[in-house]
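Colleague: Pasting in a structure now, in structure tokens, and then I'll have a few things to ask.
Values quoted throughout were computed directly from the atomic coordinates according to the rules given, and no laboratory measurement underlies them. Remember, predicted model here, so these are calculated numbers, not experimental data. Here the Cβ is made from the backbone with ideal geometry for all residues, glycine too, and neighbour counts use every protein chain on show.
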Amino acid sequence: MPTAESSPPPLLIDRRTAARMLAICPRTIDAMARRGELPAVRIGRAVRFDCRDIEKFIEQAKTSATEGSRG
């Protein structure tokens, strides 16, 4: 009996999914993209986010928080 292959994870996600990943409001995602804190990809009128960029943001935020507490 053949098994169905699982589909690969998406390369890009919408703002609601990005917000859920970071446990924040979608409006905050919009603001972060406007300020250049989180890179965004425009495809027509759609704005999408790369999961790898979200992971990088998290790693940088962890580093910044750790460095700030050493002072």
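Colleague: Once R0 is set to 22 Å, what does the formula 1/(1 + (r/R0)^6) return for the Cβ-Cβ distance between Ala61 and Leu11, expressed as a FRET efficiency to the nearest 0.05? Each step should come with its number before you reach the end.
Modeller: Values: r = 22 Å, r/R0 = 1.02.
Using R0 = 22 Å, I get an efficiency of 0.45.
Colleague: Just add up the charged neighbours of Asp14: K/R +1, D/E -1, any other residue whose Cβ is under 13 Å from the Cβ of Asp14. Before the final figure, lay out the partial values.
Modeller: Working: positive: Arg15, Arg16, Arg20, Arg42, Arg45, Arg48; negative: Asp30, Asp50.
With Lys, Arg at +1 and Asp, Glu at -1, the neighbours total +4.
Colleague: Take the chain, connect every pair of alpha-carbon atoms lying under 10 Å apart with a spring to form a Gaussian network, then pick out the residue of Ile58, Ile43, Ile24 with the largest mean-square fluctuation.
Modeller: Between Ile58, Ile43, Ile24, it is Ile43 that shows the largest mean-square fluctuation.
Colleague: Nearest 500 deg cm²/dmol is fine: what mean residue ellipticity at 222 nm does the chain get from its DSSP H runs of n ≥ 4 alone, each adding -39,500 (n - 2.57), divided by its residue count?
Modeller: Details: 3 runs with 36 residues, N = 71.
That comes out to -15500 deg cm²/dmol.
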